[in-house]
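Here is the structure we will look at.
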Amino acid sequence: MEFLLVNGPGLLFYLFAALAVLSAILVVSLRNPMYSAFALLVSFLAVAALFFLLHAEFLAVVQIFVYGGGIMVLFLFVIMLVNLHRIQEAEIYGMQWPAALLLAVMLIGLVSWVVARVQFSPANLAPATLVSVDGEVVGNVQAVAWQLFQQYLLPFEIASLFLLVAMIGAVVLARKD
Amino acid sequence: MVEFFGETLFTYAVVPLVKIIAAIIVVLTIIAYTTFAERKILGFLQVRTGPNRVGPWGLFQPIADVAKLLGKEDVIPNRAVKWAYVLAPCLVVGPALLILSVIPYGPPSAEGTIPSWFITDVNAGLLLVVAIASIGVYGLILGGWASNNKFSMLGGLRAAAQMISYEVPQGFSLIVPVLMAGTLSLVGIVEAQLTQGRWFIFGFFPFGLLAFFIYFVAGVAESNRNPFDLPEAESELVAGFHTEYSGMRFALFFLGEYANMIVISAVAVTMFLGGWLRPFPSVGWLSFLNLAFLPAGLAGFLWFLIKLLSFLFVYIWFRGTFPRYRFDQLMDLGWKWLIPTALLSVVATALWKVLI
């Protein structure tokens with residue numbers, strides 16, 4: 001009992017981290033796109049659990065809401081609607097493998113560089129929740145909001161502008177005339 | 001004495017467990033008798049009697065229904081994807097019951113008295129409710145896809161499109177009471193209605209009312225009830241996503257639908273109708289409505305229950321009144337009417353709050 005109480009967060013971290021990595025591997029290795037989509041969903045939810053363990057409540061809930069509840073449902077919708085077997089046979093990505101190889105090598109390099117610098121264990125098992133604004137204790141959501149809308153207002157607005165551009169672009173592409 | 005994060009075993013584990021079990025039992029009972037009430041009220045609306053054979057006035061009908069469903073053969077189609085087929089009903093019921101953990105059924109307790117009337121109060125409570133509710137749609141999609149049946153598949157697709165579309169106005173309309181209260185904690189929102197002396201449905205008139213209307217319409221669509229029950233439209237899709245399901249697995253889908261109705265009603269009561277507060281909490285001469293002769297908190301719970309049951313009645317009333325929407329009408333209503341109106345009320349409430 002003592003062991004579980006002391007090491008509980010650490011054990012849960014390894015459980016969910018393993019789940020996230022395992023399901024991420026399944027996303028790219030499974031043949032059926034439907035299975036891949038569900039593996040991706042499990043991966044997203046495991047990452048949300050990691051956020052919870054790090055006391056980032058707001059981030060965790062938004063992760064579930066946006067990725068779990070929104071984006072993955074759209075993925076599944078498209079996968080169910082489109083007959084993916086036919087697309088596989090057409091091999092539309094056949095010509096792109098040199099570029100893909102280059103990108104993959106670059107990505108591996110980047111990841112190895114990060115891995116070499118980061119200590120891969122829960123360095124701090126119970127980090128303090130971000131709850132204070134100017135020394136005054138408020139909730140986690142309020143604290144994140146203050147950070148976003150005061151200190152990081154410009155990056156926040158630029159990010160939302162990008163999303164707007166992407167949305168207008170999608171509408172333009174989808175117009176029939 | 002083992003310490004659990006600064007609490008004793010009793011306050012850390014036993015009290016919440018008892019509350020969780022009590023909440024689930026109460027909700028399951030309400031669900032059982034909602035199905036009965038639905039048949040009786042629909043019977044009344046259609047000038048017929050409704051079930052009246054099992055027990056006095058048919059009161060034991062739900063028990064007979066459950067016994068029948070438990071006794072039925074559990075069919076899994078030959079070419080179904082078995083794990084997904086089995087998992088799907090659980091994915092509908094699980095999230096709906098999970099949300100019950102953050103709903104405030106009654107007031108928090110004073111220090112040293114009986115435990116408060118909610119299981120837990122989370123700082124991001126409302127976000128948690130919306131997030132967990134958005135997971136529920138996977139049950140419908142998965143069930144529709146795993147059944148390996150074209151009607152189920154179409155039902156699952158419709159469910160996906162409908163839930164995604166109506167989550168947006170639902171989320172926007174919930175921002176309005178959050179703006180009025182200035183917190184996301186559900187207990188905090190009800191307490192804000194107490195200190196401001198009005199239910200948020202009457203706040204910033206007419207924007208509170210508008211947001212409430214949008215929330216409830218979107219909620220009816222989210223729980224796949226008439227007039228938005230297109231994922232299971234029996235005149236077009238046999239039974240939609242649960243065509244292949246039988247016995248207790250079908251009953252689980254049914255249970256999930258009713259649990260979702262209760263959750264959506266409970267959130268509407270908490271956000272717009274003052275949760276456990278009596279009507280007009282600021283009017284002095286109505287204070288006899290506090291029912292002070294009842295033990296602490298029970299009066300609040302009774303008010304909550306009355307509001308909740310009225311919502312369930314409205315759900316059934318809708319079913320007896322409105323014809324089903326066509327799918328393009330459903331999308332039109334969601335995207336062209338509800339979302340712009342919800343955005344308008346959010347902006348108007350924010351401006352009002354800043355300027356006045």
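A short reminder: the numbers here are calculations on the coordinates, not readings from a lab. The structure presented is a predicted model; accordingly, all values stated were derived computationally and were not measured. All Cβ positions, glycine included, derive from the backbone under ideal geometry; neighbour counts span all protein chains shown.
A compact table of results
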{"quantity": "Extension gain, B:T195 back to B:V75 (0.36 nm per residue minus Cα-Cα distance, nm)", "calculated": "37.7 nm"}
{"quantity": "Chain B, relative contact order [Cα under 8 Å, separation at least 6], %", "calculated": "22"}
{"quantity": "Kirkwood hydrodynamic radius of region A:1-89, Cα pairs, Å", "calculated": "14.4"}
{"quantity": "B:G55 long-range amide H proximity, modeled H, under 5 Å", "calculated": "B:F60"}
{"quantity": "Of every Cα-Cα pair in region B:75-355, the percent that sits beyond 26 Å", "calculated": "45"}
{"quantity": "Region B:214-302: projected area of the alpha-carbon convex hull, averaged over directions, in nm²", "calculated": "8.4"}
{"quantity": "Quotient of C-alpha Rg and 2.2 N^0.38 Å, computed over region B:179-331", "calculated": "1.23"}
{"quantity": "Global size of region B:1-89 as Cα Rg and Dmax, reported in angstrom", "calculated": "20.7, 64"}
{"quantity": "Under 15 Å, Cβ to Cβ, from B:I262 - net charge with Lys/Arg +1 and Asp/Glu -1", "calculated": "-1"}
{"quantity": "Estimated vicinal HN-Hα couplings, Hz - region B:206-218 in sequence order (Karplus 6.51, -1.76, 1.60; Gly, Pro = x)", "calculated": "x, 6, x, 5, 4, 4, 4, 4, 4, 4, 6, 4, 5"}
{"quantity": "Label-to-label distance, nm, for residues given as A:I158 and A:A116 (7 Å Cα→Cβ offset)", "calculated": "2.8"}
{"quantity": "Distance histogram in 10 Å bins (all Cα pairs of region B:70-164, percent per bin)", "calculated": "15, 32, 25, 17, 9, 2"}
{"quantity": "Vicinal HN-Hα couplings computed from phi for region B:91-101 (Karplus, 6.51 cos²θ - 1.76 cosθ + 1.60; Hz; Gly/Pro x)", "calculated": "5, 7, 6, x, x, 4, 6, 5, 5, 4, 6"}
{"quantity": "Other-chain or far-sequence residues with amide H under 5 Å of B:W117's (modelled H)", "calculated": "B:G106, B:S109"}
{"quantity": "Set B:K40/B:K68; B:K19/B:K150; B:K19/B:K336 screened for pairs whose C-alpha atoms are more than 31 Å apart", "calculated": "B:K19/B:K150; B:K19/B:K336"}
{"quantity": "If the convex hull is drawn through the Cα atoms of the protein assembly as shown, its volume per residue in Å³", "calculated": "221"}
{"quantity": "Cα centroid separation, region B:207-279 to region A:26-50 (Å)", "calculated": "28"}
